[in-house]
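To start, the structure under review is shown below, and the notes come after it.
The values are calculated or read from the model by the stated rules, or taken from the named source; none is laboratory data. It should be emphasised that the depicted structure is a prediction, and the values quoted were computed from it without experimental measurement. Glycine gets a Cβ as well: all are built from the backbone with ideal geometry, and neighbour counts include every protein chain shown.
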Amino acid sequence: MKKALLIAVALVLAVGFTACQDEFTAIRNTGESKILEPMGSGSSPYFPYEEDRKWNYEAIWTFALDYPEDIPIEDTSWADTSTYVTEVIQETELTGSNPLSVWEIRTTPDSGEVVYSYAHIEPDSAYFYEKLSDSEPEAVFPSEPRKGDEWDITIEIDDTTTSTTHYRVIDDDAEANGFSNCLKIEVTPDYIEDYDEYQNLQYWAKGEGVVMTTLHALMRFVYDDDTTTSTFEGETRLIKGPGIEE
């Protein structure tokens, strides 16, 4: 469930919250303390949420396993295409110890379980919750990042294990999926040393949000001077959204 929240973002950030009647103090992803006032569920250029807004995505993945020529095993490859829809259902309110107005967001894949999440958007940060009963956000993003900005998202794997992913805005004038002036964001996991090659990029467009992501990952396995290569390629594109009609 927490991994699904990273895509649809996508993503879990451990952040501490302290309640104070109708206000609460949040430790932002920059480490800075701030008082958040309940002011509706909110919206921003990169999180343009409003009721009934919908985004349709298509994901194409390819995988190849190449064995050395002197090993009598046939090379393996496959490709897969899937789609999913993310839509803003309604405004509602958290029921935990920090009541706050949030957007109810539903992500429906063409196969698999429907995922719900909840978002509150402030001018500087976007807070995502896994359940209505949560009092603390599961992920925090800057709501309007700029070139040079960096932040971390930490996923809780289990009770004793976490995984941190680093985000860095490397360009603010990129072309992607028919959109111009996109943010180009480099996404780096903490296990990147496991790969011989790795590049994961996200493209965010104002008024739309995430319009494309790309992934390239390559691993080499050496045994007795023979090398087996595993390659994974992925691309996810927005195919219909507020600025795209089929």
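Observations
- Residue in the range 51-72 that is assigned to a loop (DSSP other than H, G, I, E, B), more than 18 Å from the chain's Cα centre (by Cα), at pLDDT below 90 and closer than 30 Å to ILE239 by Cα present: no
- Residues in the range 205-228 that are among the aliphatic types (A, V, I, L, M) and either buried (at least 20 other Cβ atoms within 10 Å of the Cβ) or part of a loop (DSSP other than H, G, I, E, B) (or both): ALA205, VAL210, VAL211, MET212.
- Residue within the range 196-206 that is in contact with a Gly (Cβ under 8 Å, 6 or more places away or on another chain), modelled with pLDDT of 95 or more and over 28 Å from ASP66 (Cα atoms) present: yes
- Here is the figure for the range 110-130: residues that are of a type outside the set (A, V, I, L, M, F, W, C) and under 15 Å from the mean Cα position of the chain (by Cα) total 7.
- Checking GLU104 against (1) of a type outside the set (Val, Ile, Thr); (2) modelled with pLDDT of 95 or more; (3) not in a strand (DSSP E or B), the condition it does not meet: (3)
- Checked against (1) under 26 Å from TYR116 (Cβ atoms); (2) in a strand (DSSP E or B); (3) in contact with a Gly (Cβ under 7 Å, 6 or more places away or on another chain), VAL169 meets all criteria but (1).
- Checked across the range 124-135, the condition of being assigned to a strand (DSSP E or B) and charged (D, E, K, R) holds for no residue.
- Flag if ASP110 is at pLDDT below 95, surrounded by fewer than 16 Cβ atoms within 10 Å (Cβ to Cβ) and closer than 24 Å to TRP204 by Cα: yes
- Count of residues meeting criterion [part of a strand (DSSP E or B), more than 14 Å from the chain's Cα centre (by Cα), surrounded by 15 or more Cβ atoms within 10 Å (Cβ to Cβ) and free of Cβ contacts under 8 Å to residues at least 40 places away in the same chain] in the range 172-204: 5
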